[in-house]
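None of the figures in this text is laboratory data; all of them are computed from the coordinates on show. Bear in mind the structure is a predicted one, so any value in this text is a computation, not a measurement. For neighbour counting, all protein chains shown are included, and Cβ atoms are generated from backbone atoms with ideal geometry for every residue, glycine included.
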Amino acid sequence: MTRLIFLGPPGAGKGTQAQALAKSCHIPHISTGDILRQALSARSPLGIKAQGYMDRGELVPDQLVQDLVEERLNQRDTQAGWILDGFPRTVSQAEFLDSLLQKLQHHNVRVVNLDVPDDVLMTRLLSRGRSDDNEEVIRRRLEVYRGDTTPLIGYYGDRQQLVFINGNQSLEEVNAALQKVVAS
Ligand code: AP5
């Protein structure tokens, strides 16, 4: 049973790798960023509430994201496993997730941290060009990551749940490292 959380800064390759791995494992890839962008393009109440935060490169309030993750993890297809990409991003989201997974009896969760140097992240994101991929917003996303999300490395590291992967390699090499984690 594969239950994986992907951590890593913006541009580390979380989305790219999580999508490929989920496909090969036949399990859902749950990306809070993708769900929020879909809500935004549908102009749903969630998307409207999230838009300003996303445009500025800030985190959307915990409660909004926690509600959408709870709804998604309660769907039947998660019984076979899942990959969470972009959640949790704060210690309070991680605590929320712990209690949700306890309630759902989803155990044996592992956490993968993709490491990539800042200059490489910036180059990747500027060449991708999503609407939040301009230099000013990328800098803010990186600051928010350092401030709010890096404490999760200690949070999961203390429980021996964390695996570090060098994300500054070819897509194939990163994928191979992830396949090893899944197989172990
Ligand atoms: P989100 O969509 O999660 O964005 P992010 O964390 O900034 O991550 P990215 O999608 O930019 O990067 P990635 O690591 O997925 O890399 P990717 O594979 O795309 O979040 C967006 C916003 O939503 C947040 O700012 C926030 O407002 C909100 N949000 C989301 N979750 C939230 C939460 N839990 N709480 C609160 N707010 C939340 O790759 C990037 C590029 O690099 C691609 O072009 C790719 O082709 C390329 N690339 C990837 N790997 C490699 C490689 N090995 N070699 C060369 N190029 C590569």
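Some observations on this one:
- Of all residues in the stretch 68-80, those satisfying the criterion of being surrounded by 12 or more Cβ atoms within 10 Å (Cβ to Cβ) and over 21 Å from residue 51 (Cα atoms) are 73, 77, 78, 80.
- The residue list 160, 179 contains one member that is farther than 15 Å from residue 12 by Cα, in a helix (DSSP H, G or I) and away from the ligand (no atom under 11 Å from the Cβ), which is 179.
- The one condition from (1) surrounded by 17 or more Cβ atoms within 10 Å (Cβ to Cβ); (2) in contact with a helix residue (DSSP H, G or I) (Cβ under 7 Å, 6 or more places away or on another chain); (3) within 26 Å of residue 139 (Cα to Cα) that residue 27 does not meet is (3).
- Meets criteria (crowded, with 22+ Cβ neighbours inside 10 Å, touching a residue at least 12 places away in the same chain (Cβ under 8 Å) and over 22 Å from residue 134 (Cβ atoms)) for residue 65: yes
- Members of the stretch 147-156 that are free of Cβ contacts under 8 Å to residues at least 12 places away in the same chain and in a helix (DSSP H, G or I): 147, 154
- Residue that is farthest from the ligand (Cβ to nearest atom), among those in the stretch 107-142 that are closer than 17 Å to residue 86 by Cα and not hydrophobic (A, V, I, L, M, F, W, C): 110
- Being more than 19 Å from residue 144 (Cβ to Cβ), among the basic types (Lys, Arg), in a strand (DSSP E or B) and more than 12 Å from the ligand (Cβ to nearest atom) is a description that does not apply to residue 43.
- Residue in the stretch 70-87 that is within 22 Å of residue 141 (Cβ to Cβ), of a type in the set (A, V, I, L, M) and away from the ligand (no atom under 11 Å from the Cβ) present: yes
- Matching option when the condition is closer than 16 Å to residue 3 by Cα, in contact (Cβ under 8 Å) with a residue 40 or more places away in the chain and assigned to a helix (DSSP H, G or I), among 77, 98: 77
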